[in-house]
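Undergrad: Please read through the structure below; I'll follow up with questions.
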Amino acid sequence: MKVAYWPGCVSRGFTPELHGAMAKIAPLLDIELLELDRASCCGAGVIAEHNQELADTLNARTFALAQQTDGAMMMNICSTCQGSQSECQERLDANGEYREHINANLSDEGLSYQRGIENKNLLWLLVEEIGLEELRSKVKRPLENLRVGPFYGCYIVRPTDRLKIDEANPRDTYLQLLIEVLGGTVIDYAGAYRCCGFPIITMNKSASLKQAGRHIGDAIDAEADCLVTPCPLCHLNLDLQQPLAAREVGRDLGLPVLHLPQLVGLALGLDPGELGMARHVVKPTTVIDWSTSVVAATG
Amino acid sequence: MPEYTLKIRRFSPESGEAAYWANYTTELEGHRSVLEGILNVKDREDGSIAIRCSCRAAICGSCGVKINGKPMLACNTHLEWAKSTSRDGAITVEPMGNMPVIKDLIVDMDAVHWKKIQRVTPWLLPDGPPPEREYIVPHENMVDVTQTMACIQCGACVSDCLSMEVDPLFIGPAALAKAYRFVGDPRDGQHLERLKDLSEDPHGIYDCTHCFNCIEACPKGVAPMSQIMRLRRIAGSDHGIDDRNNGHRHEMAFVNNIRRNGLLHEADLLPDSYGGKFHPRAVPELLDSLPVITRALMRRKVTPKSALVHSHKAPKEVKGIFERIEGKDERLELNLYVSGEEKSDEQAPGVPPDAAGGDGQATSSGPQKARG
């Protein structure tokens, strides 16, 4: 399927391996990515905190650019983008007068957002558009014996009504469903739906790192081999900052954290190196032996 | 009559024993509340179960508990729904989080919740002598604070606050929502003082980690996190309060970063949040992060070139949007709690627009579709 693809900023900045991994798995899943290279940052909630109209306009512009493509929908690979964009979209879709006002801000460029674009994170797209069975049939290297802790973070699971999480679409269970379909074992631990702490890293560093450190520690206590997250900002606090988080909580950590497309890519038979896994601060390549067809933790 | 299993967390401090789970069964219709279930068990099986309750109509805020791990009002939760969302058919009921447990399902609201409410001076501080007759307040101002006034002080948001979990001193969602109730009230004469106080407090408005748990937990739609963001907007954008917590600086560093680059250039964000690479505040922070920076360079997550050279520049259209909106005299805000949502039978949200279809998908000819 063709999608208007919004990679976000961090996937092209401090977690370049995420953007790369997405590019690798897309052809294997028959996803054609029409990259929105003129779009801007979603604001990550911070621009909305500064000026709501500004955030809504920037995202309306992104939606309008997506609507100009012939993609069936818009896809993102960042939970924070999903959450921030859904928040703006909720306002834009709820009120015609407001939408017109925001569209007036885009008129110089000749753009206009029409109500009702579908914007799905890769996680949702995998389950709802491609389907778990289809995915299962594509698995070349089942993640047998790999114990994976799902880490959703916040933006992709709350608020449930805005994100349309309900019985028909239990989007807050998709990571678990996916891990199972890929052949892995789901780890149940306390941190799966908690905050990684990233948004307050510059304001209250100790509280921020304590959050990351606790969740990683909880997952280790539950005997996870790794975590998987659909959010590159969570990845920054869980992986990049993990040595500092370990210091903050006063224990050894060293738990690899995978981006969602990396986990999918491994099961589809791609090489860990190709998926950029050597670029993590906690190198999954040194902790887990991915070379055998049956993935097994070495630790 | 259907039977429900209630798995209740019991704790009695005078017993000297640790908290434990106990199962009870109750026969009630599915539309009856979890509170009725608990009271039924208490009446017929074990009178020692402790729970606080009063109105049984979701208005007094007494019976906040965690049901299947999530904070809610026991009187406002149907047994059948609770069963359907439970893990294994047994409805778990436990005391709320982030507050000490007094007994069973009763938590010490005084020690945490009320103390924090008092922290924000939860009364009007008018300027000058009171008018001869009543205060006249414009209707739109009262509508604006209605959302926060809907709070029934049940503590559900406090229970689930993820910032408070790691920083118990955080003023927290309920109290900060209460603070907005006065910052948004034109009769109050101490707006600036309140905002300065809440910005400068290391556990104030900038200590919120933006996790949405309070929005999800609130049974009254108060959306405490949204009120905290409004406080930040007013403190930062309107009053330019330069707090010691880097809150406003971080916000401006982020906004200006996007204004310049269109996309976030992270390498600048951290130092800019502390006032710039060479600012005395930034130096210890950067030194502290040196091991992280070194590793990121070693792993080629970041290259010296990508850290220093801004490869992406904001398209002029994006720059234009910043100029246009920031040049306006007034900030525009849409609060769906106040405005409500437009109902459209012709086109439900989620239906792909014309542009995305191309394969004959049905689209409406409603008024919104006429433009463009």
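Each value in this text was obtained by applying a stated rule to the coordinates, not by laboratory testing. Keep in mind that this is a model prediction, so the values were computed, not measured. Here the Cβ positions follow ideal geometry from the backbone for every residue, glycine too, while neighbour counts run over all protein chains shown.
Undergrad: Give the shape of the range B:1-76 as rounded, prolate or oblate, defined through the alpha-carbon gyration tensor: a ≥ b ≥ c are the square roots of its eigenvalues, a/c under 1.5 means rounded, and otherwise the shape is prolate if a/b is larger than b/c and oblate if not.
TA: Because a/c hits 1.5 or more and a/b fails to exceed b/c, the range B:1-76 counts as oblate.
Undergrad: Over the whole of A:189-201, what's the average partner chain Cβ count within 10 Å per residue? Rounded to a whole number, please.
TA: 4
Undergrad: Let me ask something else about it. In a Gaussian network model over chain A where Cα atoms closer than 10 Å are linked, find which of A:A192, A:A212, A:A246 has the largest mean-square fluctuation.
TA: A:A246
Undergrad: What nm value, rounded to one decimal, do you get for the distance between B:R244 and A:N145 when each label is placed 7 Å out toward the C-beta?
TA: 5.5 nm
Undergrad: Related question: When you look at the Cβ of every residue in A:111-119, what mean number of other chain Cβ atoms sits within 10 Å?
TA: Mean shielding by partner chains, rounded to a whole number: 6.
Undergrad: Please report the spacing between the Cα centers of the range A:140-192 and the range B:33-59 in Å, no decimals.
TA: When both Cα centres are located, 35 Å separates them.
Undergrad: Another question about this same structure. Explain nothing, just the number: relative contact order of the range A:192-299, from Cα pairs under 8 Å at least 6 residues apart, as a whole percent.
TA: 22 percent
Undergrad: Considering chain A as a Gaussian network with a 10 Å cut-off on Cα pairs, which listed residue, A:P243, A:P150, A:P27, attains the greatest mean-square fluctuation?
TA: Its mean-square fluctuation being the largest, the pick is A:P27.
Undergrad: While we're here: Using just the helices of chain B, give the 222 nm mean residue ellipticity in deg cm²/dmol: DSSP H runs with n ≥ 4 each add -39,500 (n - 2.57), and the total is spread over all residues, rounded to 500.
TA: Theoretical 222 nm ellipticity from helices: -10000 deg cm²/dmol.
Undergrad: Residue by residue through the range B:331-337, which ³J(HN,Hα) values in whole Hz follow from phi under the Karplus form 6.51 cos²θ - 1.76 cosθ + 1.60 (θ = phi - 60°), with glycine and proline marked x?
TA: In residue order, the calculated couplings are 7, 9, 9, 10, 10, 5, 5 Hz.
Undergrad: For B:Y337, put the label point 7 Å out on the Cα→Cβ axis and report which residues of the range B:158-183 keep their amide N under 20 Å from it.
TA: B:158-164, B:171-183
Undergrad: What residues qualify as long-range amide H neighbours of A:D289, i.e. H under 5 Å apart, gap of 5 or more or another chain, H built at 1.01 Å from N?
TA: A:A296, A:T298
Undergrad: Another question about this same structure. If you rank B:M149, B:M1 by fewest surrounding Cβ atoms within 10 Å, what's the result?
TA: B:M1, B:M149
Undergrad: Can you give the relative contact order of chain B as a percent, counting alpha carbon pairs under 8 Å and 6+ residues apart?
TA: 11 percent
Undergrad: Mean-square fluctuation check for chain B, GNM, Cα pairs under 10 Å: which of B:G236, B:G64, B:G327 is largest?
TA: B:G327
Undergrad: Using the alpha-carbon centroid of each, what span in Å lies between the range B:133-189 and the range A:63-130?
TA: Computed from Cα coordinates, the inter-centre distance equals 31 Å.
Undergrad: Provide the net charge surrounding B:K196, with neighbours chosen by a C-beta distance below 12 Å and charges set as Lys +1, Arg +1, Asp -1, Glu -1.
TA: Local net charge: -4.
Undergrad: Ok, one more. What ranking do B:T146, A:T229 get, fewest neighbouring Cβ atoms within 10 angstrom at the top?
TA: Ascending Cβ contact count within 10 Å gives the list B:T146, A:T229.
Undergrad: Treat every Asp and Glu Cβ in the protein assembly as shown as -1 and every Lys and Arg Cβ as +1, leave all other atoms uncharged, and give the resulting dipole magnitude about the Cα centre to the nearest 20 debye.
TA: So the magnitude is around 1440 debye.
Undergrad: Based on Cβ point charges of +1 for Lys and Arg and -1 for Asp and Glu, what charge dipole magnitude is obtained for chain B about its Cα centre, in debye rounded to the nearest 20?
TA: 1140 debye
Undergrad: Please compute, for peptide B:200-212, the average count of beta-carbon atoms on other protein chains lying within 10 Å of each residue's beta-carbon.
TA: 6
Undergrad: I'd like the Karplus ³J(HN,Hα) series for the range A:270-279: coefficients 6.51, -1.76, 1.60, θ = phi - 60°, whole numbers in Hz, and an x wherever there's a Gly or Pro.
TA: 6, 7, x, x, 4, 8, x, 6, 7, 8
Undergrad: Same structure again: State log₁₀ I(q)/I(0) for the range A:52-115 at q = 0.15 Å⁻¹ as given by the Debye formula over alpha-carbon point scatterers of equal weight, solvent excluded.
TA: Evaluating at q = 0.15 Å⁻¹ gives log10 I(q)/I(0) of -0.42.
Undergrad: Same structure, new question: When the helix-only estimate is applied to chain A (DSSP H runs of n ≥ 4, each -39,500 (n - 2.57), divided by the residue count), what is the mean residue ellipticity at 222 nm, nearest 500 deg cm²/dmol?
TA: -11500 deg cm²/dmol
Undergrad: Hey, another quick one. Full extension from B:W21 to B:D46: what is 0.36 nm times the residue separation minus their Cα-Cα distance, to one decimal in nm?
TA: Going from the current span to full extension adds 7.6 nm.
Undergrad: Please report A:V127, B:V145 as a ranked list, fewest other C-beta atoms within 10 angstrom at the top and most at the bottom.
TA: Ranked by crowding around the Cβ, least crowded first: B:V145, A:V127.
Undergrad: Restricting to the protein assembly as shown, what percent of DSSP beta bridges are antiparallel, rounded to 5?
TA: If we restrict to bridges inside the protein assembly as shown, about 45 percent are antiparallel.
Undergrad: Considering the options A:L260, B:G97, A:G83, tell which one lies farthest towards the positive end of the dipole of the protein assembly as shown, charges being +1 on Lys and Arg and -1 on Asp and Glu at the Cβ, about the Cα centre.
TA: A:L260
Undergrad: Quick one: net charge around A:G149, please, counting Lys, Arg +1 and Asp, Glu -1 for every other residue with C-beta under 11 Å from its C-beta.
TA: With Lys, Arg at +1 and Asp, Glu at -1, the net is -4.
Undergrad: Can I ask one more? Quote the charge dipole size of the range B:88-212 about the Cα centre in Debye, to the nearest 20; the model charges only the Cβ of Lys and Arg (+1) and of Asp and Glu (-1).
TA: Approximately 220 debye in magnitude.
Undergrad: Do you know the relative contact order of chain A, to the nearest whole percent, from alpha carbon pairs under 8 angstrom that are 6+ apart?
TA: Contact order relative to length: 20 percent.
Undergrad: In terms of modelled amide H atoms, which long-range or inter-chain residues lie less than 5 Å from the amide H of A:L258?
TA: A:L227, A:V228, A:T229
Undergrad: What lysines sit close enough to B:K70 to cross-link, taking a C-alpha to C-alpha distance under 29 Å and skipping anything fewer than 8 places away on the same chain?
TA: A:K120, A:K164, A:K205, A:K210, B:K7, B:K42, B:K83, B:K103, B:K115, B:K116, B:K178, B:K220
Undergrad: I need the peptides B:279-285, B:197-203, A:218-224 ranked by packing, meaning the mean over residues of other C-beta atoms within 10 angstrom, with the highest value on top.
TA: B:197-203, A:218-224, B:279-285
Undergrad: Could you give the length gained by full extension between B:E80 and B:L297, i.e. 0.36 nm per residue of separation minus their alpha carbon distance, to one decimal place?
TA: So the extension gain works out to 72.7 nm.
Undergrad: Tell me the angle of helix A:96-105 to the major Cα principal axis of chain A, expressed in degrees between 0 and 90 and rounded to the nearest ten.
TA: That works out to roughly 90 degrees.
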